[in-house]
1. Can Ile375 be described as within 14 Å of the ligand (Cβ to nearest atom), modelled with pLDDT of 90 or more and either crowded, with 19+ Cβ neighbours inside 10 Å or over 19 Å from the mean Cα position of the chain (by Cα) (or both)?
2. State all residues of segment 160-184 that are more than 14 Å from the ligand (Cβ to nearest atom) and touching a strand residue (DSSP E or B) at 6+ places or on another chain (Cβ under 9 Å); if no residue qualifies, say none.
3. Taking into account only those residues within segment 210-229 that are in contact (Cβ under 8 Å) with a residue 24 or more places away in the chain and of a type in the set (Val, Ile, Thr), which is farthest from the ligand (Cβ to nearest atom)?
4. Does any residue of segment 210-217 turn out to be of a type outside the set (Val, Ile, Thr) and modelled with pLDDT of 95 or more?
5. Could you list, in sequence order, the residues of segment 305-318 that are over 20 Å from Leu385 (Cβ atoms) and surrounded by 12 or more Cβ atoms within 10 Å (Cβ to Cβ)?
6. Quick check: anything in segment 127-134 closer than 28 Å to Leu14 by Cβ and crowded, with 20+ Cβ neighbours inside 10 Å?
7. So which residues in segment 133-159 are within 12 Å of the ligand (Cβ to nearest atom), closer than 18 Å to Trp238 by Cα and out of contact with any helix residue (DSSP H, G or I) (no Cβ under 6 Å at 6 or more places or on another chain), if there are any at all?
8. Give Leu98, Leu84 a once-over and let me know the one that is touching a residue at least 12 places away in the same chain (Cβ under 8 Å), away from the ligand (no atom under 16 Å from the Cβ) and crowded, with 19+ Cβ neighbours inside 10 Å.
Amino acid sequence: MSHDPFRLQVRAWLETYCPQPMRQPMTEEFGAAWGGRNPEFSCDSERGWLLNMAQKGWIAPQWPVAFGGAGLSREEADILQQELDAIGARPPLIGSGLWMLGPVLLEYGTEDQKRRHLPPIARGEVRWAQGYSEPNAGSDLASLKLRADLVGDAYVLNGSKIWSSYADKSDWMFLLARTDFNAPQHQGISFLLVDLTAPGITRRPIKLIDGTHDFCEVFFDNVRAQADDLVGLPGQGWTIAKKLMDYERLMIGAASFAPPPAQPGALGRSAKGIDDNAMLRAQIAQYDIDAFTLDWTNQRIRAEMEAGLPLVPAMASVTKLMGAVLEIEGKELVLKAHGSDALSWPVGSPASDRALAKDFLRARSSAIAGGTNEIQLNIIAKHALGM
Ligand SMILES: Cc1cc2nc3c(=O)[nH]c(=O)nc-3n(C[C@H](O)[C@H](O)[C@H](O)COP(=O)(O)OP(=O)(O)OC[C@H]3O[C@@H](n4cnc5c(N)ncnc54)[C@H](O)[C@@H]3O)c2cc1C
């Protein structure tokens, strides 16, 4: 009851400040804002929604006010989320700065790092890329070789990263670099923040089969990163990286799988294969059960974390793995239900013309990003099953 006035206040504010177009489900073409120094918005409402929420500090509602948040309690943040969900509001901002780096900086960052980096994230003014993978360090991430040598008040970086999502559109990168080549493999790694406009950085987009280029190779040639931007201690990077990956895996697990195909509208009215195919209906029912189970598991993990319980690392892998499996299954079911209609491949067509085959192919990447399914199984086997 004590929070009822807050709920009413939130509801009234959203009624005024959440533009109507932002109360519709996201599509590939009409999504949410990524922010950044040179932000791109699909419409004015998207820009307005980001600005309105940023002014309230509600993009990162539980972050302290001094760091761009609203300092809301857990209960207040829940109420805000419930009210956003109730009107179908889109997230005002998406991206790895908000979801992954922010929580890690709150835990490991210095006051100065928090003060410099968190408010621009919470206002959507700086977009971040993740620099973990290297050409010979993907699943075996700890074998990474990007070197960072301390010279005066800066780390000098030489080497390269690969598969860095949207690095060409991002402003900064959080990355893992080797600061000690003599230490045991995991203890020579540090976690650094690097301005992607620094001299010596080359970002080369990787063109994909569908013509888009969501990833980049990033090359570092004597790039200077402020020593003040090393997070945690030198050599503590692996611990911090794992923490960040937990946030990443939870986020992928919660976001990747599609709504159950049996939900009204999820398959669309043109889905012709459902009514006369009992086998397909049974598969959809099974998918629904699994998807709801995952959703409830995610809610349970979130509630436990909000209650201050530590995240069991294997749980991030469980939810990430199941999210990836279900996303692929869901897209396969959609293809089956649409039959030959799903074969169309719209090029430059309106957003309403859904590219089902494209969605299906895209879904397969969730079994790789953030650690492959096999790697999640290894983590679960080791940390949950003690194998
Ligand atoms: C959509 C997408 C976005 C991404 N974004 C980023 C990003 O922003 N930043 C970033 O740093 N990286 C990013 N990545 C890279 C991603 O983290 C790596 O692709 C992933 O960790 C796998 O590494 P790899 O590609 O080198 O494959 P490899 O490690 O070479 O694996 C090849 C195959 O071998 C299997 N395998 C490897 N080791 C084992 C093992 N020990 N046990 C069982 N099987 C094994 C793997 O499961 C896989 O099937 C992204 C990838 C995708 C698909």
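1. On the way: within 14 Å of the ligand (Cβ to nearest atom): yes; modelled with pLDDT of 90 or more: yes; either crowded, with 19+ Cβ neighbours inside 10 Å or over 19 Å from the mean Cα position of the chain (by Cα) (or both): no.
Spelling it out, it is not the case that Ile375 is within 14 Å of the ligand (Cβ to nearest atom), modelled with pLDDT of 90 or more and either crowded, with 19+ Cβ neighbours inside 10 Å or over 19 Å from the mean Cα position of the chain (by Cα) (or both).
2. We begin by selecting, within segment 160-184, every residue more than 14 Å from the ligand (Cβ to nearest atom); these are 171, 178-184.
Passing the criteria: Asp171, Arg178, Thr179, Asp180, Phe181, Ala183.
3. Of segment 210-229, the ones in contact (Cβ under 8 Å) with a residue 24 or more places away in the chain are 210, 213-229.
Now narrow it down to the ones that are of a type in the set (Val, Ile, Thr): 218, 223.
Values: Val218: 9, Val223: 17 Å.
Among those that are in contact (Cβ under 8 Å) with a residue 24 or more places away in the chain and of a type in the set (Val, Ile, Thr), it is Val223.
4. Filtering segment 210-217 for residues of a type outside the set (Val, Ile, Thr) gives 210-211, 213-217.
Restricting the remaining residues to those that are modelled with pLDDT of 95 or more gives 216-217.
Scanning segment 210-217, I find at least one residue that is of a type outside the set (Val, Ile, Thr) and modelled with pLDDT of 95 or more, so the answer is yes.
5. Filtering segment 305-318 down to residues over 20 Å from Leu385 (Cβ atoms) leaves 305-309.
If the condition is that a residue be over 20 Å from Leu385 (Cβ atoms) and surrounded by 12 or more Cβ atoms within 10 Å (Cβ to Cβ), then Met305, Glu306 are the ones that fit.
6. The initial filter retains those residues of segment 127-134 that are closer than 28 Å to Leu14 by Cβ, namely 127-128.
Cutting the leftovers down to crowded, with 20+ Cβ neighbours inside 10 Å gives us 127-128.
Looking for residues that are closer than 28 Å to Leu14 by Cβ and crowded, with 20+ Cβ neighbours inside 10 Å, one finds at least one in segment 127-134, hence yes.
7. So in segment 133-159, the residues within 12 Å of the ligand (Cβ to nearest atom) come out as 133-144, 146.
Those still in the list that are closer than 18 Å to Trp238 by Cα too: 133-134, 136-144, 146.
Scanning segment 133-159 gives Ser133, Glu134, Asn136, Gly138, Asp140, Leu141, Ser143, Leu144, Leu146.
8. On the way: Leu98 fails: away from the ligand (no atom under 16 Å from the Cβ).
Answer to the check: Leu84.
The values are calculated or read from the model by the stated rules, or taken from the named source; none is laboratory data. These numbers were taken from a predicted model, which means no experiment stands behind them. Positions of Cβ are generated from backbone atoms using ideal geometry, with glycine treated the same way; all protein chains shown enter the neighbour counts.
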